[in-house]
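Working notes, beginning with the structure itself.
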Amino acid sequence: MRRPLIAGNWKMNGRLDDGRRLAEELAQRVHRASETGDPPLPDCELLICPPFTLLETVHRTLAGSGVFLGGQDCHGEPSGAHTGDISAAMLADIGCSHVIVGHSERRQNHGEDDALVRAKAAAAIAEDLVPIVCVGETEAERDEGRALAVVTGQVAGSLPESFDPARLVLAYEPVWAIGTGRTATPADAAEVHGAIRGALAERYGEEAAAALRILYGGSVKPDNAAELLRAGDVDGALVGGASLKSEDFWRIAQAAG
Ligand code: PGA
């Protein structure tokens with residue numbers, strides 16, 4: 001019942017031509033797969049989160065492909081004097097269905113805390129966007145044996161009081177695995193994902209916890225995707241570096257299907 005979601009986070013990469021080309025390559029793969037079935041269409045949802053400047057181009061390029069479009073961040077307020085920020089409504093306007101909130105690069109580089117991430121998630125929900133709420137421990141926290149406590153604490157602080165579990169996604173991204181080429185082992189990922197789901201069940205009930213998707217992120221590549229996606233309670237992937245090559249992103253999507 002939890003359809004896998006493979007989400008590409010392009011981060012701060014790509015000028016107009018790069019974004020258009022990458023989106024075109026992906027749209028072509030989707031079209032070829034749906035027309036010929038060779039290779040088959042991956043049995044998962046696909047989502048691309050480009051930088052703000054590429055949203056319109058990518059939206060136009062992906063039209064009709066069924067690939068979802070998302071922002072990489074939004075403000076917690078609907079509008080106002082917030083220079084440099086983008087609201088959830090603005091993302092919805094331009095064709096986004098999803099938005100990443102609380103990515104560790106925002107938590108670290110912009111001092112975002114759980115309360116702010118929760119406000120952003122609520123702002124996204126208010127505009128009918130699906131927030132992808134990111135959590136993850138640092139290497140020091142893992143070494144100190146605090147990974148589960150940190151991650152479940154972030155989940156408790158970053159999720160709104162109520163939400164539709166089919167319209168919110170969590171992403172577990174160990175900070176030490178992002179962009180480093182190191183990944184959690186499938187067993188470690190399963191342990192954390194299981195702990196998150198257990199904590200969700202306590203707070204929101206079994207049914208909601210069972211319906212909510214939890215993605216793994218951190219150096220997901222074509223050659224490790226299958227084993228990570230098979231790990232218990234892993235319902236997809238949030239892919240950074242490998243989403244910048246259509247071939248790699250496509251192979252990861254096929255590993256999910
Ligand atoms: P990575 O990034 O795949 O390059 O490690 C993942 C992420 O930060 O979402």
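The values are calculated or read from the model by the stated rules, or taken from the named source; none is laboratory data. Keep in mind that this is a model prediction, so the values were computed, not measured. Counting neighbours? That spans all protein chains shown, and the Cβs are built from the backbone with ideal geometry, glycine included. Surface areas here come from the heavy atoms of the whole protein model, side chains and all, with no ligands, DNA or RNA. Shrake-Rupley method; radii C 1.70, N 1.55, O 1.52, S 1.80 Å.
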For VAL150, solvent-accessible area (1.4 Å; no DNA, RNA or ligand), Å²: 20
Which residues' amide hydrogens lie under 5 Å from the amide hydrogen of GLU45, considering only partners 5 or more residues apart or on another chain, with H built in the peptide plane? LEU5, ILE6
Using each residue's phi in the stretch 49-65, evaluate 6.51 cos²θ - 1.76 cosθ + 1.60 at θ = phi - 60° and report the 3J(HN,Hα) Karplus result to the nearest Hz, with x for Gly and Pro. 10, x, x, 3, 5, 9, 4, 5, 4, 5, 4, 5, 5, 8, 3, x, 7
Output the Cα-based Rg and Dmax of the chain in Å, rounding Rg to one decimal and Dmax to a whole number. 17.1, 51
Computed label-point distance, nm, for sites ALA201 and GLN108 using a 7 Å Cα→Cβ extension: 3.3
Which order do you get for PHE163, PHE249, PHE52 if you rank them by accessible area with a 1.4 Å probe, largest at the top? PHE52, PHE163, PHE249
Amide H neighbours of VAL130 under 5 Å, at least 5 residues apart or on other chains, H built in the peptide plane: list them. HIS98, VAL99
If you roll a 1.4 angstrom probe over the protein chains with everything in place, what fraction of the accessible area of the chain belongs to carbon and sulfur, to the nearest %? 49
Added length on full extension, which subtracts the Cα-Cα distance from 0.36 nm per residue, ASP18 to ASP164: 49.0 nm
What whole-number distance in Å separates the alpha-carbon centres of the stretch 190-257 and the stretch 18-93? 19
Taking Lys and Arg as +1 and Asp and Glu as -1, residues besides LEU116 with C-beta under 13 Å from its C-beta add up to -2
Starting at the first residue of the stretch 80-88, write each ³J(HN,Hα) from the Karplus equation 6.51 cos²θ - 1.76 cosθ + 1.60 with θ = phi - 60°, in whole Hz, x for Gly and Pro. x, 7, 9, 4, x, 9, 10, 8, 4
Descending accessible area (1.4 Å probe), largest on the left, turns LYS221, LYS120 into LYS221, LYS120
Any chance you could look up the accessible area of VAL169 with a 1.4 Å probe, heavy atoms only, rounded to 10 Å²? 0
